1. Take the alpha carbon gyration tensor of the chain, find the square roots of its eigenvalues, order them as a ≥ b ≥ c, and report rounded if a/c is under 1.5; if not, report prolate when a/b exceeds b/c, else oblate.
2. Ranked from highest to lowest mean number of other Cβ atoms within 10 Å per residue, what is the order of the peptides 406-412, 124-130?
3. Beta carbons within 10 angstrom, averaged per residue: use that to sort the peptides 473-483, 541-551, highest first.
4. Calculated from DSSP H runs of 4 or more alone, at -39500 (n - 2.57) each and per residue, what is the 222 nm mean residue ellipticity of the chain, nearest 500?
5. About the Cα centre of the chain, what is the dipole size in debye to 20, counting +1 per Lys and Arg Cβ and -1 per Asp and Glu Cβ, all else neutral?
6. Considering only Cα-Cα distances, which of the following residue pairs are longer than 29 Å: Lys322/Lys387; Lys188/Lys322; Lys309/Lys387; Lys464/Lys513?
7. Whole-Hz Karplus ³J(HN,Hα) for the stretch 474-484, in order, using 6.51 cos²θ - 1.76 cosθ + 1.60 and θ = phi - 60°, x for Gly and Pro?
8. Tally Lys/Arg at +1 and Asp/Glu at -1 over every other residue whose Cβ is under 12 Å from the Cβ of Met127; what's the total?
Amino acid sequence: MKLNKNLLATAILAITSAWGAQAQAPAANPSATADANYFLFPIKPGERNYLSGTMGEIRSNHFHGGLDIKTEQRTGLPVHAAADGYVSRVKQSSYGYGNIVYITHPNGLVTTYAHLQEYYKPLADFMLQKQYEKQVFDLELFPEPGQFPVKRGDVIGLSGNTGGSGGPHLHFEIRDKEDRLYNPLKYKFKEVIDTTPPDIYSLGISPLNIHARVNNEFSREEYRTKQVGTNYSISDTIYANGLIGLELQTIDRLDGAANKNGTQEVTLLVNGEQLYNHYIDKVPFELSRQVSQHINYNQYKMRGRTFQKAFVDYGNDLPLYKARERDGRIVVQSDSVYKIQLVARDSYNNTSTLTFIIKGQRPTFTKTVAAVKKPAIDYEIVGNVLKISATDTSSTPQNIELYVGKQALMLVPSYMKNSTSVSLYDLRAGLPDSMRFCGLSTDFNLQQMVPPAKDFLFTNRNMKVLFDKETLYDTLYLQTRLDGDVYTIGDYFTPLHKAIKVTITPPTQVKDKSKAAVYFLGTGRGRGYTGGKWEGNSITFTTKNMGKFKVMEDSKEPYIRLVSKNRNGISFKISDDLSGINSFNAWVDGKWILMKYEHKTATIWSEKLDNSTPLSGEVILKVKDNAGNEATYTSRI
């Protein structure tokens, strides 16, 4: 973990005179349409560069907010200030952005430089001094405007691989004072060459209410595309009726790189008229999590495939859209023909177009009963619709007996597919308790219809769940369950915008509450530390994910292994098998010493405040996990 001091020192000597310049006050009204030459490319300016990530890529819980600039698969490249300004914020962490610098510019915009290996010397010295004063590693500072002025082209650090980075690169962003993220490629950096149009892989099409059909079914359909140059088509004929929504699976590539990047703009044209457009720019940082409603979240979680919706779904407040009165939804009339064009455009105006036809077809009921050995019934919830699929041995499709409270309803099949009849029920009419079909009985366990846009408290004998008014994007039909000591809350494949607050009382007594916490099991395979606060025999926790949860006890202390120790420094490997590392502190000869942490390699290493003083004396390292277990290492130098 030896850092490249010589390279940084060489780069700093070339620009030392600029550090004394006075900072300029930012403009009152920042502009994201500044001159294309305003910003300097931060890595090897003037030379050909390559990107591994662009603005608008879909990540697990946010839009990718800038550029990932390749750094020759290594760390230590000089990072240049994109324009005149001053360092307004600096942060060091083992997670997220890692080591990051924020520079505020006279035009009011802010550029960020993340995953740095190290900062330029004046800023590095400032951070180190504050870390020793506060005796912490993770630290965020907000220098005064005139404290660290920079000029365009100044080296403000070295590229690295810190934080959540998956490999050496520089993450570069452009923001305004309200933390809205702008697309850096709108400044048309000459260092990046892109003449490659986006790829269009697949189309998704879904019915959006109980009356709509796709190919005579209430079912989402997918179609692979056929390509000729930049023109894409679908070989199948698509029939539909009623209110439908389209989704597009598309990625972009840049010249000279195989990386799958984000496609920034999608436009929907119906019979030549624009019905919808999204352009991923000016993404408010606090709304970035709403990417979950911009895409088909269920498909992303279940299959890892990213379909961007070509309509604005409920609860989506992102300022990315231009749409007509139906927010991009298409009303398909019987016996009508619709020419559909979905145009994917990247930041350099390279375009690809998917063209296909939707034919309006009135729903019909076709009896296609085939012999089956025994009756079967299943269901799923699609939006506000309960979709029941049933098969039986009768030559005539059978009705479903649906029980809502004390009322019995007879559901007539809506259509048939092979030997399966499909019945549909709008859940807004009342939550059903159970259903019966050909001697089979099924309980739904639908416990509550939770509305969006309002605070709501759900309680039963097993738990309390508090929904904030900003938690849900749309109505939630909540199912909960307690199986042994595993709590299931809702559906793992349903996105949340804000966290829910949950209180549970474990069915079996917890031996040591100080070591016990809630762990997120996801669909049942994981065990991510969630935490929680005990009050009596109950524990309260918050989570931004629904799924399975379990209270577990961690009584095992963290693991420490010495890597090296000498008069110049010490380093260790540290890990924890359940709750995770919470804190670490080291002392040499009774004096606190800064330990830096890289979670990807599970390594901590020392950085002295005064390099001229060798380490000598007793070494003590204490590592604590999230359950409060502490391990101690002692030795001497």
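Since every read-out is calculated from the coordinates, none of them should be taken as a lab result. Small disclaimer: the values here were computed from a predicted structure and weren't measured. A quick note on method: Cβ atoms are made from the backbone with ideal geometry, for glycine too, and the neighbour counts reach across all protein chains shown.
1. Because a/c hits 1.5 or more and a/b fails to exceed b/c, the chain counts as oblate.
2. Top of the packing list down: 124-130, 406-412.
3. Top to bottom by mean Cβ count within 10 Å: 541-551, 473-483.
4. -1500 deg cm²/dmol
5. Computed charge dipole of the chain: roughly 800 debye.
6. Going by Cα-Cα distance, Lys322/Lys387 fall outside the 29 Å limit.
7. Karplus values, whole Hz, x for Gly and Pro: 8, 4, 10, 9, 7, 10, 10, 7, 10, 10, x.
8. 0
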